[in-house]
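Have a look at the structure below before the remarks.
The values are calculated or read from the model by the stated rules, or taken from the named source; none is laboratory data. The model shown is predicted, which means the values in this text are computed figures rather than measured ones. For neighbour counting, all protein chains shown are included, and Cβ atoms are generated from backbone atoms with ideal geometry for every residue, glycine included. When the accessible area is computed, the model is the full protein with side chains, heavy atoms only, and any ligands, DNA or RNA have been set aside. Shrake-Rupley method; radii C 1.70, N 1.55, O 1.52, S 1.80 Å.
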Amino acid sequence: MSSLLPPCPEPEERTGEPELLQLGSAGDEPCLRADAARNRARLLDAAARLIAEHGAAGVTMEAVASAANVGKGTVFRRFGDRTGLLTALLDHSERKFQAAFLSGPPPLGPGAPPVERLRAFGVALLRRCVDELDLQLAAEPGPDRRYSVPVRRVHHGHLALLLRQALPDADGELLAHTLMGYLNPVLVHHLTRKCGMPPARLEAGWSDLIDRVTSGATSGVTSGVTSAVTGAVPSVQG
């Protein structure tokens with residue numbers, strides 16, 4: 001079936017050890033002095049609390065400095081500007097999410113059948129999106145960059161790999177784009193905040209969608225292959 005369609009460029013598959021994709025600019029957390037790393041973590045924690053309480057729109061560099069009990073200059077030196085701060089928050093969250101689906105326990109991580117991993121991936125990403133919705137919307141790229149942002153390519157490549165394992169005869173690349181549309185923060189915002197839909201309904205809908213898409217798959221084959229994109233991911237916003 002997929003051979004009748006022009007192929008899309010596919011992410012490189014690796015069958016070796018899981019590799020956590022590096023986000024953020026060079027010189028991020030791993031290379032900081034201990035006191036600088038503590039300050040950075042304190043600032044990110046303070047910013048996350050402010051976003052949870054007031055939304056991303058209400059977070060300023062001054063408010064973060066006050067909440068973290070540091071000078072405003074410290075925040076600017078660490079993150080540059082508000083956009084840099086929001087990007088750092090998303091990078092921190094994305095590192096944890098990637099670690100979970102690349103090397104964490106099944107069914108999100110390796111070791112479960114591909115269909116189970118597909119279900120777990122969508123549910124985990126939906127929950128993360130709901131928890132960080134204001135932050136995700138603030139970082140949402142424009143239409144001209146939406147499909148080329150590095151993190152989106154990582155997520156799409158992971159879905160495409162699992163789909164190829166579950167449905168070898170299907171066009172995994174196109175199906176992955178379709179599934180990514182369900183997980184878009186803009187759609188999640190519309191359904192949960194504009195339409196009042198409970199997140200549990202979105203999660204159930206995702207599981208139902210995966211069951212329907214993969215109805216002909218062999219569920220007993222476990223997936224131990226992890227997905228990755230060649231090279232480092234520079235930032236959440238690309």
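Screening Pro150 against (1) over 26 Å from Pro198 (Cβ atoms); (2) modelled with pLDDT of 95 or more; (3) open to solvent by less than 40 Å² (accessible area, probe 1.4 Å) leaves a single unmet condition, (2).
Would you mind stating whether Gln136 is in contact (Cβ under 8 Å) with a residue 24 or more places away in the chain, farther than 25 Å from Thr83 by Cα and in a helix (DSSP H, G or I)? So Gln136 fails the test. Does Ala120 satisfy the condition of being farther than 25 Å from Pro168 by Cβ, part of a helix (DSSP H, G or I), open to solvent by less than 40 Å² (accessible area, probe 1.4 Å) and touching a residue at least 12 places away in the same chain (Cβ under 8 Å)? Answer is no for this residue.
Within region 146-178, the set of residues being free of Cβ contacts under 8 Å to residues at least 24 places away in the same chain and in contact with a Gly (Cβ under 6 Å, 6 or more places away or on another chain) comprises Arg164 only. The residues of region 183-203 that are in a helix (DSSP H, G or I) and open to solvent by 60 Å² or more (accessible area, probe 1.4 Å), listed by number, are Val186, Leu187, His190, Arg193, Lys194, Ala200, Arg201. Provide a single number: the residues in region 61-109 that are open to solvent by less than 40 Å² (accessible area, probe 1.4 Å) and in contact with a Pro (Cβ under 7 Å, 6 or more places away or on another chain). Qualifying residue count, region 61-109: 1. Of everything listed in (1) over 12 Å from the mean Cα position of the chain (by Cα); (2) buried (at least 19 other Cβ atoms within 10 Å of the Cβ); (3) of a type in the set (S, T, N, Q), the single unmet condition for Thr178 is (2).
Does Leu126 satisfy the criteria of being of a type outside the set (S, T, N, Q) and more than 13 Å from the chain's Cα centre (by Cα)? Don't jump to the end; show me each part of the working.
Details: of a type outside the set (S, T, N, Q): yes; more than 13 Å from the chain's Cα centre (by Cα): no.
So Leu126 does not fit the description; no.
Within region 75-104, count every residue that is outside any helix (DSSP H, G or I) and within 17 Å of the chain's Cα centre (by Cα). Before the answer, list the steps.
Our first condition is that a residue be outside any helix (DSSP H, G or I); within region 75-104, this holds for 80-81, 104.
Then keep just the ones that are within 17 Å of the chain's Cα centre (by Cα); that gives 104.
Final tally of qualifying residues: 1.
Residue by residue, here is whether (1) at pLDDT below 90; (2) under 24 Å from Ala200 (Cα atoms); (3) not β-branched (Val, Ile, Thr) holds:
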{"residue": "Ala37", "(1), (2), (3)": "yes, no, yes"}
{"residue": "Arg82", "(1), (2), (3)": "yes, no, yes"}
{"residue": "Leu86", "(1), (2), (3)": "yes, no, yes"}
{"residue": "Gly104", "(1), (2), (3)": "no, yes, yes"}
{"residue": "Val115", "(1), (2), (3)": "no, yes, no"}
{"residue": "Leu118", "(1), (2), (3)": "no, yes, yes"}
{"residue": "Arg127", "(1), (2), (3)": "no, yes, yes"}
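For region 161-173, the condition holds for no residue, the condition being that it is in a helix (DSSP H, G or I) and under 30 Å from Gly84 (Cβ atoms).
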